[in-house]
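Data first, discussion second: the structure below is written as structure tokens.
The values are calculated or read from the model by the stated rules, or taken from the named source; none is laboratory data. Source: prediction; values computed, not measured. In this analysis, Cβ positions are derived from the backbone assuming ideal geometry, glycine residues included, and neighbour counts consider all displayed protein chains. Calculation scope for accessible area: heavy atoms of the full protein, side chains included, ligands and nucleic acids excluded. Shrake-Rupley method; radii C 1.70, N 1.55, O 1.52, S 1.80 Å.
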Amino acid sequence: MRRRLGVSVYPERTDVERVRSYLERAARLGFSRVFTCLLSVSGGADETIQEFAGFIRMAHDLGFTVSVDTNEDVFGRLGASPEDVGPFAEMGVDIIRLDGHFGDQGDIMLTRNAAGIAIEFNASGNLPLDLLIERGADMRNMVVCHNFYPEPYTGLSEETFQGLSARYRGMGLPVAAFVTSRQPGTVGPWPVSAGLPTCEDDRHRPIGLQARHLVASGLVDDILIGDFEATDAELRELAGVDLSRVTMTIETVPGIPPVEERIVWDYQHVTRGDASEYMLRSSFPRTDHRETSIPPRDAGCGVFRRGDVLVVNDGMAHYRGELEVALKDIPADGTRNLVGRVPEEELFLLDYVKPEHPFGFIRR
């Protein structure tokens, strides 16, 4: 399944033309999902249906799939029920996200709604969705999406995020999660402007690094910006993220010879299956450099540190050309040349590169 990027908009809190402009810019960059929230909407049923139907038509015209956040109160205000999702169908909703639930039988009925609207469960809760599937829920019509967290220090821990996401992915359900704009004064469903990430550790990271974290986890299919509106630079940064592998920025060492530059940038790096606890090893470049001289260069240090990017030189000719990334301190014994470093704030990404998994670098 191809990963998708998405944005969030809150039509009741901003001008329709501003929303349209934002969606148009996002669509041009390949974004294809929109999240919005009905929990914070206070209008009556007819008014809400009319307003959101217009917004959803506009989003569909631009190629977006639209999910709406709901709970039991929203269903009640709109006159909907697990047996009748007509008001959502009238709006043109593609995905109904359940921030609350209707009991096992109600949730099962929702997954089998005649309108074919997908039902999105809250991935930030430990829900017995496997039991619902056993009892008749249609998993073909089920997806999950994490919460976002407006209040600082309340986002998911890494352990909780990974545990819950792995649980639902293990059931075969697609998982979505949120990253946040770092632009001051963004809009969410509530009058709080401190970011809307799923994971607390992502709250103050650049948006591209937030997304690279979610990609690196291997547990997220769709990545959504939680707040409105991200800057054009943030949209471009997110659209430019490689969604297929773990990628890390590296600060290259000045004056790297061309052969070492090619080893860093011109290969699809994949870790060896016989993984070392001391380094990531990308051995493919060796095959092209068996007869290429790579003279030793003074690293200017006695020890390579975690995150140092290395190329094996003539001092260990059998392995010459292999690219390595230090995971622990190793001696700088003259057999490896230092070509770059992963910056401190991205070292955590190294933990996600598993044996035989691809990884890559981004120019600083």
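Taking chymotrypsin sites (Phe, Trp or Tyr not before Pro) across the stretch 98-156, the ones in a DSSP loop with at most 11 further Cβ atoms lying within 10 angstrom of their Cβ are Tyr153.
Restricting attention to the chain, close to 35% of DSSP beta bridges with both partner residues there are antiparallel.
Loop exposure criterion: GluC sites (Glu not before Pro), DSSP state outside H, G, I, E and B, at most 14 other Cβ atoms within 10 Å. Applied to the chain, the longest stretch between such sites is 84-276. Between Asn141 and Thr292, the FRET efficiency from the beta-carbon distance, with R0 = 56 Å, is close to 0.50.
Rolling a 1.4 Å probe over the protein chains gives His204 an accessible area of about 140 Å².
The accessible area of Trp190, taken with all protein chains in place and a 1.4 Å probe, comes to roughly 110 Å². Taking amide H as placed 1.01 Å from N in the peptide plane, Val339 has its amide H under 5 Å from the amide H of Val309, Leu310, Val311, each at least 5 places away in sequence or on another chain.
Normalised by the number of residues in the chain, the average gap of Cα pairs under 8 Å and 6 or more apart makes the relative contact order 14 percent.
Close amide-amide hydrogen proximity is noted between Gly155 and Glu200, each under 5 Å apart and 5 or more residues distant or on a separate chain (H modeled in the peptide plane; Pro and chain starts excluded). For the stretch 1-84, averaging the sequence separation of C-alpha pairs within contact (under 8 Å, six or more residues apart) and dividing by the residue count gives a relative contact order of 34 percent.
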